[in-house]
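Reading through the C-alpha cells given below for one structure.
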Amino acid sequence: MTQTQEKHNHQTNILVIGGGIAGTATACYLAQNGHEVTLLEQSELATEASGLNAGTIWATGWGHTPDLASTLSMGSLEIFKSLQLDLGYDIEFRQSGSLQVIQTEEQYTFARQEVHDLLAAGHQVELLSARDAHSIEPELSPHIPGCLYYPHGGNANPVKTVQALASVAQQHSAAILTHHEVTGIIYLDDSTYQVVTPPATFKAGTLVLAAGPWCFSLGAMLGLHIPVYAVRGQMWATAPLPPRIFHSIGALESHCYWHAHPYSDEQTPLELTHRQGQRLTRHLYGRQTRDGEIIIGGDRQVDAPKIPDQAGIETNHAHAIELFPFLKDLPIARTWAGWMPFTRDLHPLIGKVPHFANLYLLTGLSSSGFEKGMMAGKLLAEYIHDGVADAVLSEADPGRWVVFSP
C-alpha cells in the first residue's frame, strides 16, 4: 500500500503533509485531476485521529440551502458510497442510520426544538418515541423517553477508508510516503517550498498542510500562527460479540449542555467536556463494528496527554450502561486516545493561506473529521486545480484566524 523513498532530494509539483483522511483525500483528488502529488506521513496512514475514531457518520441531508457543514457531510457520504459500491473497496460502510438517545425531559424539550429547526431548514431527522426507538434498537434502556433518528447516518471502518483513498491516489500516480516526519519547512526565494524529513528533502511549488493539530507546529516553521488545538478524545471497546447494536449511537446530554452553556476563549474551543480539569458534561458516541466490537467514545479535553484517562473511561462506560444495560456485564477489552484538531469556533480552516504563494491549509474539522474529511479534501483539491474556491469555503477561510509573525 505505501512506500518509503530513500533518495536524498525529491522534487514534486504538489506536496501534501498529513496521512489522515483529509490529507489523503486531498492527494487522491489532486492526482485524479492529473497533478504530480506526493504525500508525507510521519508514521503510518490513519494512525492518528483518522484511524482512532469511532467511524460514525451523522449527516442530516443537504438542506434547502447547503452550507459548509451539510456540504462536507453529504459530499463525504457520497464518497463513502462510491468507494464501497462503485469502486469495490470493502470499507465496511453501512448507511445504518444514527440514533441520539434522549434521557431527560429537558433533553426531550431540546430535541423537539432541534427537530423543528432542522426540518424547517430542509434536513432529515425524526423524533422517535421510546416505543419506536426500541423497535429498531431493541437493547436500549426501557427508561429512555425517545431518540433523535438521522436516516443519513451510518458508519464505516476508518483505517480501511483512508487506505482505500490512498490506493486510488496511487493508481493515479500519487506517491504516498510513510515514516517521513517533517522537521523543517523553508520558503525559498523562487516562491517554492523546501521540506525536510529524515529520509529525504523535498522541493515543491505548492504545499498543503493537512496534518490535524500538527498544523500548529508545521505553521510555526513558516512563522505562521495556526490556532488549532489538540483536543483529546478517548475510547474503549468490548471484545467481539454477536450483533447487539445496529445504528451509530450518541447521547443528547452534551449537546443540550453546550447549547445552554456556550463558552470559548483564546485557549479554549467550544464544546469541550472539561474546563481546567473539571468535568462540565458527559459526551457519548459509538457503534458496533462488523467484527463485533462495541466501541464507545466520549471526553474532549485540551492540554491532555495522548493516553486514556481511567476516570474518564469509567464515566463514559457508566453512561453507556445507562443507554444499553447489557453492557454492564461486558468488561472493557481495550482503551485508546487521540488528538482531534479543534478551532475556537469549531469552523474548519480550508483554503489558501494569504501570506505565502501556493500554500494551502486543511485542518480544524474537530470531532467530525471522519464524517467530513473526504469532501473537505475534494473541495480543496478542486480549489488548487481550478484556482477558484467553492463558495461554501468562505466559511472556512484560513484568513479568519491564521496570523503571520516572521
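For the stretch 136-163, name all the residues that are closer than 21 Å to A59 by Cα and of a type in the set (A, V, I, L, M).
I136, L148, A156, V159, V162
In the stretch 156-210, which residues are hydrophobic (A, V, I, L, M, F, W, C) and more than 25 Å from the chain's Cα centre (by Cα)?
Matches in the stretch 156-210: I185, I186, L188, V195, V196, A200, F202, A204.
Looking only at residues that are of a type in the set (S, T, N, Q) and touching a strand residue (DSSP E or B) at 6+ places or on another chain (Cβ under 9 Å) in the stretch 93-106, which one is most open to solvent (accessible area, probe 1.4 Å)?
Q95
Six or more apart or on different chains, Cβ atoms under 6 Å: show the pairs whose first residue is in the stretch 151-177 and in contact (Cβ under 8 Å) with a residue 24 or more places away in the chain and open to solvent by less than 40 Å² (accessible area, probe 1.4 Å) and whose second is of a type in the set (D, E) and part of a loop (DSSP other than H, G, I, E, B).
As it stands, the answer is A156/E92; N157/E92, since those pairs meet every condition given.
Just to be sure I understand the filter: pairs with C-beta atoms under 7 Å, separated by 6 or more residues or on different chains, first member in the stretch 31-50 and within 17 Å of F370 (Cα to Cα), second member of a type in the set (D, E, K, R) and open to solvent by 30 Å² or more (accessible area, probe 1.4 Å). Which pairs pass?
none
Look through A237, A230 and report the one residue that is open to solvent by less than 30 Å² (accessible area, probe 1.4 Å), at pLDDT 95 or above and under 20 Å from G298 (Cα atoms).
On the way: A230 fails: open to solvent by less than 30 Å² (accessible area, probe 1.4 Å).
Going through A237, A230 in turn, just one is open to solvent by less than 30 Å² (accessible area, probe 1.4 Å), at pLDDT 95 or above and under 20 Å from G298 (Cα atoms): A237.
Answer yes or no: is there a residue in the stretch 248-255 that is part of a loop (DSSP other than H, G, I, E, B), at pLDDT 95 or above and more than 18 Å from the chain's Cα centre (by Cα).
Scanning the stretch 248-255, I find at least one residue that is part of a loop (DSSP other than H, G, I, E, B), at pLDDT 95 or above and more than 18 Å from the chain's Cα centre (by Cα), so the answer is yes.
Considering only the stretch 331-355, how many residues are among the basic types (K, R) and either in contact with a Gly (Cβ under 6 Å, 6 or more places away or on another chain) or buried (at least 20 other Cβ atoms within 10 Å of the Cβ) (or both)?
Number satisfying all stated conditions: 1.
Does N13 qualify as being more than 20 Å from the chain's Cα centre (by Cα) and either surrounded by 24 or more Cβ atoms within 10 Å (Cβ to Cβ) or closer than 14 Å to A204 by Cα (or both)?
Taking the combined requirement at face value, the residue satisfies it.
Which residues, taken from the stretch 256-282, are assigned to a loop (DSSP other than H, G, I, E, B), in contact with a helix residue (DSSP H, G or I) (Cβ under 8 Å, 6 or more places away or on another chain) and either surrounded by fewer than 20 Cβ atoms within 10 Å (Cβ to Cβ) or without any contact (Cβ under 8 Å) to a residue 60 or more places away in the chain (or both)?
Result: L270, T273, L280, T281, R282.
What tally of residues in the stretch 211-247 results from selecting those that are over 19 Å from the mean Cα position of the chain (by Cα) and of a type in the set (D, E, K, R)?
Final tally of qualifying residues: 1.
Only one of E137, E105 is among the acidic types (D, E), farther than 30 Å from A169 by Cα and touching a His at 6+ places or on another chain (Cβ under 9 Å); which?
E137 is the lone residue from the list that is among the acidic types (D, E), farther than 30 Å from A169 by Cα and touching a His at 6+ places or on another chain (Cβ under 9 Å).
When you scan the stretch 350-359, do you find a residue that is in a loop (DSSP other than H, G, I, E, B), free of Cβ contacts under 8 Å to residues at least 40 places away in the same chain and over 16 Å from the mean Cα position of the chain (by Cα), even just one?
Checked against the condition, which is being in a loop (DSSP other than H, G, I, E, B), free of Cβ contacts under 8 Å to residues at least 40 places away in the same chain and over 16 Å from the mean Cα position of the chain (by Cα), the stretch 350-359 yields no hits at all.
Please specify each residue of the stretch 381-406 satisfying the condition of being assigned to a helix (DSSP H, G or I), touching a residue at least 12 places away in the same chain (Cβ under 8 Å) and acidic (D, E).
Hits for the stretch 381-406 are E382, E395.
Using the structure shown, decide if A133 is within 24 Å of K372 (Cα to Cα) and of a type in the set (A, V, I, L, M, F, W, C).
Working: within 24 Å of K372 (Cα to Cα): no; of a type in the set (A, V, I, L, M, F, W, C): yes.
So A133 does not fit the description; no.
Kindly indicate the residue of the stretch 73-91 that is touching a helix residue (DSSP H, G or I) at 6+ places or on another chain (Cβ under 6 Å) and within 24 Å of T289 (Cβ to Cβ) and also surrounded by the most Cβ atoms within 10 Å (Cβ to Cβ) among those meeting that condition.
S76
Please find, among K378, K328, the residue that is crowded, with 17+ Cβ neighbours inside 10 Å and not in a loop (DSSP other than H, G, I, E, B).
Just one listed residue meets the conditions, K378.
The values are calculated or read from the model by the stated rules, or taken from the named source; none is laboratory data. Predicted model only: the values in this text are computed from it and were never measured. Heads up, the Cβs are rebuilt from the backbone with ideal geometry, glycines too, and the neighbour counts pull from every protein chain shown. Surface areas here come from the heavy atoms of the whole protein model, side chains and all, with no ligands, DNA or RNA. Shrake-Rupley method; radii C 1.70, N 1.55, O 1.52, S 1.80 Å.
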